[in-house]
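What follows is a single structure, written as structure tokens, with notes after it.
The values are calculated or read from the model by the stated rules, or taken from the named source; none is laboratory data. Source: prediction; values computed, not measured. Neighbour counts are summed over all protein chains in view; Cβ atoms, including those assigned to glycine, are modelled from backbone coordinates with ideal geometry.
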Amino acid sequence: MRGATLTALAGGVLLLAACGGSPSGSNSSTGGAGVPTPPAAQLTGAGATFPQPFFDAARFAYNKKFPQVTVNYGGGGSGAGISQLTKKIVDFGASDVPLKASEAAAMGGSDKIIQVASTLGTESLAYNLDSVADGQLKLTPDTIAGIFLGKITKWNDPALAAVNSGVSLPNQDIRVVHRSDGSGTTYIFTDYLSSVSADWKAKTGGPGKSISWPVGDGAQGNAGVATRITQTPGAIGYVELAYVLQTKMKQAALKNRDGNFVIPSAAGATSAAKAFVGSSPSQFSIVNASGKDSAPISGYSWIILYVDQANKTKGTALVDFLYWLTTAEGQGYAVNLHYAALPSSMASYDLLVLKQVTSGGTALLSVS
Amino acid sequence: MSMGTAERVAPPPLVGTSRQRRLISGDRIFLAIAYGAAALILLIAGVFSIALFIPALPAITKFGFGFFISRTWDPVRSQFGALPAIYGTLVTSAIALVIAFPIGLGAALFLAEDARLRFLRGPLSFAIELLAGIPSVVIGLWAFFTLTPLMRDNVDPFLNHTLGFLPFFQGSASGYGFLTAGVVLAIMVLPIMVALSRDVIQAVPRSLREASLALGATNAETIWSVILPYARVGITGAVLLSLGRALGETIAVTMVIGNRPQITTSLFASGYTLPSVIANEFTEAVGDVYLGSLFYLGLVLVLITIAVNVIARLLVWRFSGSEPTGA
């Protein structure tokens, strides 16, 4: 608990409520718009950095709405989140990729945990070419795989010229930039490459948060990759949409499964997510989705928690908060930050699994 | 029992028995504290080694000594090897020393020996202190934004043009890579080089200088044949400490080396260092073998640092012909 308090102070969160000792009745009362009023509690999470800006905005708003609940989120990476949840240091973990069987087993088995989708993101391919304007460069799955496999090494390669008629592509080396740190962003991008290129899959072994890259240099974090591209003439790299929009980088139009060239957008990510009806932690990949507006390099981010909550008050506050996160109100904070809103099918899935969370055999979430 | 006590009390008291007893117990307490402190350091070193070794075990059992010669770093297939990172660590540190040694020694000689331009000593000393005080992440930021374009557009093409016949200066330059990382490290170790060398040069006895000058040697001759040989041990110590700093430096190197596990002769190419791999990958390293490999890298780094220290100490020993006095 001391650790959690320190985290709260470090996060600059006002400790309006003391540690969750006094439950304010059960969770039957509602705080308007069908959101249950949580009991006083202090919740701590850790994990992926991809959804961190969203969590930070959302937990602050939730604390304003329900001052009795303080939510702390430590980030630290998916690996840290998973290991801290396994050791029960935190109340929930976040990961850009659902748990592997071995990781779930370490937590007592896949039936002892649940995973809910918290948000949805999409990635852009940003480039630095003086002669090519923003959105002018068109990339197909084949050319993207070719560039990242190191087969296409010049910007005026015939394969690129063929899909970019009318664009003056320079006779310049392509400088590939990727993430040097392990990240969910890399996982989603390599998941995409693996799904569109058999060559890529054979050569690199499939998707991963950190992989052995056939070509290119690594830079730390989305910000590092973005800066590196901005600085290096001829550079190209995958960056989360939010960073591209904030730094006003040039991004390519990507050919999606339906054959349309789309500029990645939050709406495109939602469209991609809708194309996969039965998405769940075991069927989580939504890259290369069908749909005419679908952004091809998209993915969910996940929150992991235990089904059986030892502390009833805390558990109730946790599921109340997570449910609120998936409602239109909670998702609004994601949209403001250029994440995409969860499609209603995924929000329903989240509600369904959150209802399974119990403490001493009693279900904790009471939402109709 | 009583016999023993009688024997120990037997020698005649010096001053007062109570004072003596107090002294003896004071000595004992002091001794206990000193022994305790020494033991604690051994304990910390032991716990540290074990704490590094145990998490590394899954990787050690899987890869063994092959880890040192494998060039693969593939988290997807769970195949790990340290050679590119070892190579990168040694190469960047070597570049740093090649650059920092002549500059550092020159500056130290100027500060300690040259009687002219005395007014520059103050500002120069201050600049060195300042350089030593800049956090590495700030130097990294500066290097990332300012040094890399400079290297890419000016320094690397110049080297390629003039020394391009050497394999080290061939290939296309992106501004990121071994050479840039080496330059950053040189900047970071320079204050250590200068400050320590200056101190040991100043410690050369005045009588030696005066004797040399009295014999008709010029200033330069005195420096070359009297001062530098005398200060050799200390200067080696300065190089040693600089190397220690260069080997372990993480963040600034990570920002400019390119983070690509490869071994190339071209210094313009991207590389990787042991600390950079660890810093980059530990947050998302899931699984015993992956995490274990990162700890194994840490173990390798510790071993390299120890090896460098031992070799340098042996060198100092041979040169000076006596027990090294330490840096």
Task: Residues of region A:185-234 that turn out to be of a type in the set (A, V, I, L, M), assigned to a loop (DSSP other than H, G, I, E, B) and closer than 18 Å to A:ASN128 by Cα, as a count - done: 1
TODO: Tally the residues that are crowded, with 24+ Cβ neighbours inside 10 Å and on the phi > 0 side of the Ramachandran plot, restricting the search to region B:253-295.
DONE: 2
- [ ] Kindly indicate the residue of region A:231-243 that is more than 10 Å from chain B (Cβ to nearest Cβ) and among the β-branched types (Val, Ile, Thr) and also nearest to A:ILE144 (Cα to Cα) among those meeting that condition.
- [x] A:ILE236
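Quick check on A:VAL287: is it part of a loop (DSSP other than H, G, I, E, B) and crowded, with 24+ Cβ neighbours inside 10 Å?
For A:VAL287, the condition - part of a loop (DSSP other than H, G, I, E, B) and crowded, with 24+ Cβ neighbours inside 10 Å - is met.
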- [ ] State whether one or more residues within region B:261-268 are under 30 Å from B:ALA195 (Cβ atoms), free of Cβ contacts under 8 Å to residues at least 40 places away in the same chain and not charged (D, E, K, R).
- [x] no
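Which one is surrounded by the most Cβ atoms within 10 Å (Cβ to Cβ) among residues in region A:88-117 that are more than 24 Å from A:ILE286 (Cβ to Cβ) and more than 14 Å from chain B (Cβ to nearest Cβ)?
Among those that are more than 24 Å from A:ILE286 (Cβ to Cβ) and more than 14 Å from chain B (Cβ to nearest Cβ), it is A:VAL90.
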Open item on the list: Can you go through B:GLY122, B:GLY88 and tell me which one is within 14 Å of chain A (Cβ to nearest Cβ) and under 30 Å from B:GLY234 (Cβ atoms)?
Closed with: B:GLY88
Open item on the list: Please verify whether B:SER242 is farther than 30 Å from A:GLY81 by Cα, small (Gly, Ala, Ser) and in a helix (DSSP H, G or I), treating the condition exactly as stated.
Closed with: yes
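Determine if region A:206-217 includes at least one residue that is under 20 Å from B:GLY140 (Cβ atoms) and at the interface with chain B (Cβ under 9 Å from one of its Cβ atoms).
Yes, region A:206-217 has at least one match.
Condition (residue is facing chain B (nearest Cβ under 7 Å), within 21 Å of B:ALA82 (Cβ to Cβ) and not β-branched (Val, Ile, Thr)) applied to region A:183-191: is it met by at least one residue?
no
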Open item on the list: Pull out all pairs, ordered by first then second residue, where Cβ-Cβ is under 7 Å, the residues are six or more apart or on different chains, the first lies in region A:314-325 and is free of Cβ contacts under 8 Å to residues at least 60 places away in the same chain, and the second is among the aliphatic types (A, V, I, L, M) and not in a helix (DSSP H, G or I).
Closed with: A:GLY315/A:VAL357; A:GLY315/A:LEU364; A:VAL319/A:VAL357; A:VAL319/A:LEU364; A:VAL319/A:LEU365
- [ ] Please determine, by comparing only the residues of region A:66-87 that are touching a helix residue (DSSP H, G or I) at 6+ places or on another chain (Cβ under 8 Å) and in a helix (DSSP H, G or I), which one is surrounded by the fewest Cβ atoms within 10 Å (Cβ to Cβ).
- [x] A:THR86
TODO: For region B:54-85, enumerate the residues that are more than 11 Å from every other protein chain (Cβ to nearest Cβ) and not in a helix (DSSP H, G or I).
DONE: B:ILE69, B:SER70, B:ALA82
Task: In region A:298-324, the residues that are more than 18 Å from A:GLU240 (Cβ to Cβ) and within 14 Å of the chain's Cα centre (by Cα) - done: A:ILE303, A:ILE304
Open item on the list: Being surrounded by fewer than 24 Cβ atoms within 10 Å (Cβ to Cβ) and without any contact (Cβ under 8 Å) to a residue 24 or more places away in the chain narrows it down to one residue among B:LEU240, B:LEU213, B:LEU190; which is it?
Closed with: B:LEU213
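Within the bounds of region A:237-253, is there any residue that is among the charged types (D, E, K, R), within 28 Å of A:LYS100 (Cβ to Cβ) and buried (at least 21 other Cβ atoms within 10 Å of the Cβ)?
Among the residues of region A:237-253, at least one is among the charged types (D, E, K, R), within 28 Å of A:LYS100 (Cβ to Cβ) and buried (at least 21 other Cβ atoms within 10 Å of the Cβ), which makes the answer yes.
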Open item on the list: Just to be sure I understand the filter: pairs with C-beta atoms under 8 Å, separated by 6 or more residues or on different chains, first member in region A:293-310 and modelled with pLDDT of 95 or more, second member part of a strand (DSSP E or B) and among the basic types (Lys, Arg). Which pairs pass?
Closed with: A:PRO296/A:LYS255
Open item on the list: Regarding region B:226-243, can at least one residue be identified that is within 14 Å of chain A (Cβ to nearest Cβ) and on the phi < 0 side of the Ramachandran plot?
Closed with: no
Task: region A:165-177, residues that are buried (at least 21 other Cβ atoms within 10 Å of the Cβ) and either out of contact with any helix residue (DSSP H, G or I) (no Cβ under 7 Å at 6 or more places or on another chain) or part of a loop (DSSP other than H, G, I, E, B) (or both) - done: A:ILE174, A:ARG175
- [ ] Could you identify the single residue in B:ALA173, B:ALA220, B:ALA186 that is at pLDDT below 90 and under 30 Å from A:ALA223 (Cβ atoms)?
- [x] B:ALA173
Open item on the list: Going residue by residue through region B:122-138, is there one that turns out to be closer than 30 Å to A:LYS201 by Cβ and in contact (Cβ under 8 Å) with a residue 12 or more places away in the chain?
Closed with: no
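Taking B:THR264, is it within 30 Å of A:ALA106 (Cβ to Cβ) and either modelled with pLDDT of 90 or more or within 14 Å of another protein chain (Cβ to nearest Cβ) (or both)?
No; evaluated as a whole, the condition is false for this residue.
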Open item on the list: Please go through region B:267-294 and give me each residue that is more than 9 Å from chain A (Cβ to nearest Cβ) and in a loop (DSSP other than H, G, I, E, B), ordered by number.
Closed with: B:LEU267, B:PHE268, B:ALA269, B:GLY271, B:THR273
- [ ] Examine region B:175-186 for a residue that is among the aromatic types (Phe, Trp, Tyr) and within 14 Å of another protein chain (Cβ to nearest Cβ), and state whether such a residue exists.
- [x] yes
TODO: Kindly establish whether B:THR254 is modelled with pLDDT of 90 or more and under 19 Å from the mean Cα position of the chain (by Cα).
DONE: yes
Task: Number of the condition not met by A:GLY146 [criteria: (1) within 23 Å of the chain's Cα centre (by Cα); (2) outside any loop (DSSP other than H, G, I, E, B); (3) touching a residue at least 12 places away in the same chain (Cβ under 8 Å)] - done: (1)
